[in-house]
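Asks: Encoded as structure tokens, here's the structure I'll be asking about.
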Amino acid sequence: VADAPFRRLPAVHVLLAHPLLAGRPHAAEAARAELAAARDRLRLDPDAVVEIEHLAASAAAMLSAAAGAGMRPVINATGIILHTNLGRAPLAEAAALAAYHAGRAYASLELDLATGERAGRQRLVRDGICRLTGADAATAVNNCAAATVLTLRALAAGREVIVSRGQLVEIGGNYRLPDILTASGAVLREVGTTNITRPADYAGAINPRTAMILRVHTSNFRVRGFTRSVPLEDLARIGQAAGIPVVDDAGSGAAFDGAGGSADEPDVRRSLSAGADLVLFSGDKLLGGPQAGLIAGRPDHIAAIERDPLMRAFRLDKMTVAALAATLELHAAGAIASIPVVAMLTRPAAELRPRAEALAAGLNRLPGVAAEVVEATGYAGGGSTPDEPLPSVAVALTVEGESAFARRLRLGNPAVLARVHAGRVWLDLRTVFERDDAALLATVLAAAG
Ligand SMILES: *Cc1c(COP(=O)(O)O)cnc(C)c1O
């Protein structure tokens, strides 16, 4: 009877015959490792997902990952919550399940079930964004970069967009604001200087070709010392007086006040009440949801954006719509504690310590490993709150050859991303799901063994 859950596992030769694995080099090792990991999962949770399709896909991804391809689940032990290389936000269970169910079946993506008529997919997220932001209209696209491009095309093609020189940011990758502006067909009109921009700089730049005032959240850096920027309220007043829309690219920041939202981070609701005509923000960075770009604000501007033919190129697929709608519902219901990003941002370091101590105790049993519980620093990541380190707790490992050790962790099952710092391998518990503690220990033990 104790073996009952294990009977759900396929035999090695059955798993190996799966089309994803059959005939691949090292498939037998991968299949055995996958089955061992599945047994560990079943020990913790007799209802764990161990269907053959899932195991075969996971083992195949492990084989591909060793060759530099293939996406695998990763235990994030870096302490960086919105880790862009790890896909930013791990979804809330409700959002992940919504994507799963939308993915494996047909769904009423563009069909009104009551009337049988075609209905746009935007209806599935519009109300949720409006409720969250207090806006009268909203739309959602593939990411915040796409939201910026569409907004610039709809409101400013061939005309000037005023931006402070202190806000001409590069977010990372190829995202440089001046290039995005040009690619969207708008003309950049820079005002002010790197550190100081005054209301008169904006007002003085307005001319008949001006289409928009754009404020950009300087997500990932701070200018200190002798600095001044123009508050959104003042920009709104200047825009209104001239009949020019004011758009706030909030990008990252905080959408969950009182739960990790910090005072000097932009809040989408605050942007609109300060007078912005539109606010743009990321579904992952701001909501802890799927990658998406959300646009909220004036109905006439939203309608112009939705008329752009490129809207089709940037639209959300059914799985993202499902995950975004579920995430918005969690925000509306005040159930944001079930959103992992929010939970990780707000968890007191003291709660991490017992878990770190258990991990260190498990590791110190091994010869050749010295594990110590240490204070660490986590970060929100994703370009958010660069000045606000999150006090955290880590296990620091002294091992022979820490880079090689970290590589073995990355290629472990499950994969673990650690931080190598000051000659030690750091495992920060802030970004590790408690449900993964046993698997984390198992991967580290295997890397040390
Ligand atoms: C992150 C960010 C973007 C880009 O958002 P994506 O969703 O990654 O496309 C744009 N603007 C700002 C201010 C950002 O922080």
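The values are calculated or read from the model by the stated rules, or taken from the named source; none is laboratory data. Small disclaimer: the values here were computed from a predicted structure and weren't measured. No Cβ is skipped: glycine too gets one built from the backbone with ideal geometry, and neighbour counts run over all protein chains shown. The protein model used for the area step is the full one, side chains on, heavy atoms only, and it has no ligands, DNA or RNA in it. Shrake-Rupley method; radii C 1.70, N 1.55, O 1.52, S 1.80 Å.
Asks: Restricting to region 128-141, count the residues that are over 22 Å from the mean Cα position of the chain (by Cα) and of a type in the set (D, E, K, R). Walk me through how you get there before you give the answer.
Replies: First, the residues of region 128-141 that are over 22 Å from the mean Cα position of the chain (by Cα): 134-137.
If we keep only those that are of a type in the set (D, E, K, R) too, we end up with 136.
The total comes to 1.
Asks: Starting from residues that are in a loop (DSSP other than H, G, I, E, B) and surrounded by fewer than 24 Cβ atoms within 10 Å (Cβ to Cβ), keep the ones in region 278-314 and report whichever is nearest to the ligand (Cβ to nearest atom). Break it down stepwise before answering.
Replies: Of the residues in region 278-314, the ones in a loop (DSSP other than H, G, I, E, B) are 288-292, 298, 308-309, 314.
Next cut, surrounded by fewer than 24 Cβ atoms within 10 Å (Cβ to Cβ) only: 291, 298, 308-309, 314.
Values: Gln291: 6, Arg298: 20, Asp308: 17, Pro309: 20, Phe314: 10 Å.
Result: Gln291.
Asks: Okay, moving on. More than 16 Å from the ligand (Cβ to nearest atom) and under 30 Å from Val341 (Cβ atoms) - does that describe any residue in region 137-152?
Replies: Checked against the condition, which is being more than 16 Å from the ligand (Cβ to nearest atom) and under 30 Å from Val341 (Cβ atoms), region 137-152 yields at least one hit.
Asks: Now, a different point. In this structure, does Gly172 turn out to be on the phi > 0 side of the Ramachandran plot, within 14 Å of the ligand (Cβ to nearest atom) and open to solvent by less than 60 Å² (accessible area, probe 1.4 Å)?
Replies: Numbers: on the phi > 0 side of the Ramachandran plot: yes; within 14 Å of the ligand (Cβ to nearest atom): yes; open to solvent by less than 60 Å² (accessible area, probe 1.4 Å): yes.
So Gly172 passes the test.
Asks: Here is a list: Ala333, Ala325, Ala361, Ala343. Which entry is free of Cβ contacts under 8 Å to residues at least 24 places away in the same chain, closer than 21 Å to Ala96 by Cα, away from the ligand (no atom under 16 Å from the Cβ) and open to solvent by less than 70 Å² (accessible area, probe 1.4 Å)? Explain how you work it out, then say what you get.
Replies: Values: Ala333 fails: open to solvent by less than 70 Å² (accessible area, probe 1.4 Å); Ala325 fails: free of Cβ contacts under 8 Å to residues at least 24 places away in the same chain; Ala361 fails: closer than 21 Å to Ala96 by Cα.
After applying the criteria, what remains is Ala343.
Asks: So how many residues does region 197-220 have that are within 28 Å of Thr84 (Cβ to Cβ) and in a loop (DSSP other than H, G, I, E, B)? I'd like the intermediate steps shown before the answer.
Replies: Start the filter on region 197-220 by keeping residues that are within 28 Å of Thr84 (Cβ to Cβ), which leaves 212, 214-220.
Now narrow it down to the ones that are in a loop (DSSP other than H, G, I, E, B): 217-220.
Here the count works out to 4.
Asks: Something else now. Inside region 1-33, can you point out the residues that are over 23 Å from Leu97 (Cα atoms) and among the charged types (D, E, K, R)? Let's see the steps before the verdict.
Replies: We begin by selecting, within region 1-33, every residue over 23 Å from Leu97 (Cα atoms); these are 1-4, 6-7, 10-33.
Hits for region 1-33 are Asp3, Arg7, Arg24, Glu29, Arg32.
Asks: Mind checking which residues of region 167-202 are among the basic types (Lys, Arg) and at pLDDT 95 or above?
Replies: So the first thing to find is which residues in region 167-202 are among the basic types (Lys, Arg), and the list is 176, 189, 198.
Result: Arg189, Arg198.
Asks: Still on this model: With respect to Ala404, is the statement that it is over 30 Å from Glu170 (Cα atoms) and loosely packed, with under 13 Cβ neighbours inside 10 Å true?
Replies: On the way: over 30 Å from Glu170 (Cα atoms): yes; loosely packed, with under 13 Cβ neighbours inside 10 Å: yes.
For Ala404, the condition - over 30 Å from Glu170 (Cα atoms) and loosely packed, with under 13 Cβ neighbours inside 10 Å - is met.
Asks: Quick one: is Val163 of a type in the set (A, V, I, L, M, F, W, C) and within 16 Å of the ligand (Cβ to nearest atom)?
Replies: On the way: of a type in the set (A, V, I, L, M, F, W, C): yes; within 16 Å of the ligand (Cβ to nearest atom): yes.
When the stated conditions are applied, Val163 passes them.
Asks: Name the residues in region 69-92 that are modelled with pLDDT under 95 and in a loop (DSSP other than H, G, I, E, B), would you?
Replies: Selection gives Ala69, Gly70, Met71, Arg72, Pro73.
Asks: If I filter region 371-387 for residues that are open to solvent by 20 Å² or more (accessible area, probe 1.4 Å), among the acidic types (Asp, Glu), more than 19 Å from Asp127 (Cα to Cα) and at pLDDT below 95, do I get at least one hit?
Replies: yes
Asks: Out of the residues in region 177-203 that are open to solvent by 60 Å² or more (accessible area, probe 1.4 Å) and among the small types (Gly, Ala, Ser), state the one that is nearest to Gly251 (Cα to Cα). Lay out the reasoning, then the answer.
Replies: Taking region 177-203 and keeping what is open to solvent by 60 Å² or more (accessible area, probe 1.4 Å), we get 179, 182-183, 187, 189-190, 193-194, 198, 200.
Checking the rest, the ones that are also among the small types (Gly, Ala, Ser) come to 183, 200.
Values: Ala183: 19, Ala200: 26 Å.
Only one residue fits best here, namely Ala183.
Asks: If you go through region 230-251 one residue at a time, how many are part of a helix (DSSP H, G or I) and in contact with a helix residue (DSSP H, G or I) (Cβ under 7 Å, 6 or more places away or on another chain)?
Replies: Initial filter on region 230-251 (part of a helix (DSSP H, G or I)): 232-242.
Within this subset, residues satisfying the condition of being in contact with a helix residue (DSSP H, G or I) (Cβ under 7 Å, 6 or more places away or on another chain) are 232, 234-235, 238.
Looking only at that region, the number is 4.
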